[in-house]
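The values are calculated or read from the model by the stated rules, or taken from the named source; none is laboratory data. Because the structure is a prediction, the values reported are computed rather than measured. In this analysis, Cβ positions are derived from the backbone assuming ideal geometry, glycine residues included, and neighbour counts consider all displayed protein chains. Accessible surface is based on the protein model in full, side chains and every heavy atom, while ligands, DNA and RNA are left aside. Shrake-Rupley method; radii C 1.70, N 1.55, O 1.52, S 1.80 Å.
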Amino acid sequence: MVLEKIKVKHSFSDAAKTYDRVASLQRQIGRELLNIDTVAHLQGVVLDLGCGTGFLTQELAPYCDKAALVALDLAQMMLERCREKMGAKSQYICADAEKLPLRAQSVNAIFSNVALQWCYPIDEALSELHRVLASEGTLLFSTFGSDTLCELKTAWANVDDCVHVNDFYTLGNLQSALENAGFVNITLKRIRYLRQYANVLELMQELKHIGAHNVNQTRSKTLTSKKALKTLISTYPKNDVGGIDATFDVIYVMARNGTG
């Protein structure tokens, strides 16, 4: 799978105004991410990669009394939302994770909350993170795993053969990519979150509001017909209360730069 990076950028810029209203799962994931390892002793330069509207940046700020906090995002509008919340507590960079405008070994800790799945394949991004991370520096991130939206993907398969749901990583994919990039002391943790929605349209509306569009280059370029949508809705399984469930498969990663 190859993602259209310019479409990723535009999707998240468009979602900047609505993101916070519907991103409760992303906030839950971010809090779990910070529980994996202590952040009480952050020093040097701390990078929030794919900061979005600044939720994780805000959570990190109290631990950065002795560190310089940097918020980075591909989408300028997301970065502006973060700046509105954080002001002078952070520095701001609009850039691509695969082409970081940072010096080698200039960052002491990198945090990223459900952002790196938009770098697919992830290899180039991990190489860049390894390059800018100081020796023994820490990388801590969350990303969506391969079972994410499996119910939606199965329902779409009953409609046509087009790709309607982005593919995400397996544990094996991530382990290999991290090792190949030079990371060591790798720890992977997987949690599946089951979210309930009134119907398929509510789920799709939420995905739109958080900017999680299908950005696969092989996706259908035509609008979904009423017939296709009707088939999708009718084949998506109902839960016990008449609504639908959606799986969000989340992988939490902690690793260190083994250079030294």
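Numbers for the structure displayed
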| quantity | calculated |
| --- | --- |
| Selected residue (criterion: farthest from the chain's Cα centre (by Cα)) from residues of region 20-54 that are open to solvent by less than 40 Å² (accessible area, probe 1.4 Å) and at pLDDT below 70 | VAL39 |
| Residue list for region 55-82, restricted to those being more than 22 Å from ARG131 (Cα to Cα), among the charged types (D, E, K, R) and crowded, with 18+ Cβ neighbours inside 10 Å | GLU59, ARG81 |
| Looking only at region 162-220, and only at residues there that are open to solvent by 40 Å² or more (accessible area, probe 1.4 Å), assigned to a loop (DSSP other than H, G, I, E, B) and under 16 Å from ALA115 (Cα atoms), the one that is modelled with the highest pLDDT | THR170 |
| Residue match in region 163-183 (condition: free of Cβ contacts under 8 Å to residues at least 24 places away in the same chain and among the small types (Gly, Ala, Ser)) | yes |
| Odd one out for THR154, checked against (1) open to solvent by 50 Å² or more (accessible area, probe 1.4 Å); (2) among the polar types (S, T, N, Q); (3) in contact with a helix residue (DSSP H, G or I) (Cβ under 6 Å, 6 or more places away or on another chain) | (3) |
| Test: residue in region 132-155 that is farther than 30 Å from THR235 by Cβ, assigned to a strand (DSSP E or B) and β-branched (Val, Ile, Thr) | yes |
| Pairs with Cβ under 7 Å, 6+ apart, first in region 108-137 and open to solvent by 50 Å² or more (accessible area, probe 1.4 Å), second of a type in the set (D, E, K, R) | GLU124/GLU98; GLU136/ARG256 |
| Residue check, ASP249 open to solvent by less than 90 Å² (accessible area, probe 1.4 Å), at pLDDT 95 or above and within 16 Å of GLY145 (Cα to Cα) | yes |
